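Beneath this line is the structure, given in structure tokens, with notes to follow.
A short reminder: the numbers here are calculations on the coordinates, not readings from a lab. Quantities reported herein were computed from a predicted structural model and do not represent experimental measurements. Here the Cβ positions follow ideal geometry from the backbone for every residue, glycine too, while neighbour counts run over all protein chains shown.
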Amino acid sequence: MDAVKDAAHAQLAELRMKIDDNELLHSLEQKYNIPKERIVVGGVLVIFFAIAFGLTAASLCSIIGFAYPSYKSFEAIEKRTGSGGGPEVTQWLIYWVVFSFFSIIEVFVDTLLYWIPFYWAFKVAFLLWAMLPQTRGAKFLYDSFLKDFLRSNESKIDAALENASKTAASVAKEAKEVASNMGANLKSD
């Protein structure tokens, strides 16, 4: 039992060294008198159990899939406009392409996916794998699969987008005419 405690304390000490520079965690530690490594572990456990048991799992997945990547994309854009940052911009653009591709697939197969036990936990793990710079999962998927798929279907995708744009413009024009006619009819009554 002492070996397990020693291992846990060693892991917490290592975690503390990694998060030592985080000002938010430092202020929380000061305010609540709880070591910052325990705050992180507690937060991770709360998120894990919420996802594992389906408590607002879709919302948590959306936050995880959008919040960190959006912020890092913003940082990469700002660095690029200042002093470079090209590879970071590319990394986050690739993430958004992969994220969008899988989001589109998810729309069509969502009924099947929700029957998979721990689907939300797997989705969070996938999103983390795709977004984290240590794993560069999105780049792997893009280079291995998506780049060739998108290049080979680029003209079809462009044609479909052009067709969708024309259809949307036509529908908007018709809706405007219907609304205008309804307004004129209401005025005359």
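Annotations for the structure displayed:
- Stretching the chain fully between GLN134 and ALA159 yields a gain of 5.3 nm (0.36 nm per residue, less the alpha carbon separation).
- Taking a ≥ b ≥ c as the square roots of the eigenvalues of the alpha carbon gyration tensor, segment 87-189 is prolate, as a/c is not under 1.5 and a/b beats b/c.
- Computed [θ] at 222 nm, helices only, for the chain once each DSSP H run of length n ≥ 4 contributes -39500 (n - 2.57): -28500 deg cm²/dmol
- Modelled spin-label separation between VAL171 and PHE126, with each label point placed 7 Å from Cα along the Cα-to-Cβ direction: 2.7 nm.
- Ordering of 131-137, 2-8 by burial proxy (mean other Cβ atoms within 10 Å per residue, highest first): 131-137, 2-8
- Separation of alpha-carbon centers, segment 129-186 and segment 1-50, rounded to whole Å: 43
- Label selected from [x] 1.04; [y] 0.96; [z] 1.13, the criterion being Rg/Rh (Cα atoms, Kirkwood Rh) as computed here: [z]
- Computed from the C-beta positions of LYS147 and TYR71 and an R0 of 30 Å, the FRET efficiency is 0.70 to the nearest 0.05.
- Crossing angle, helix 154-188 versus the chain [Cα axis fit, 0-90 degrees, rounded to tens]: 60
- Sequence-separation-based contact order of the chain, relative, with Cα cut under 8 Å and 6+ spacing, percent: 16
- Degrees between helix 2-19 axis and first principal axis of the chain (Cα, 0 to 90, nearest 10): 50
- Using R0 = 35 Å, the C-beta based FRET efficiency linking TYR32 and SER103 works out to 0.40.
- Helix 36-52 and the longest principal axis of the Cα set of the chain meet at an angle near 50°.
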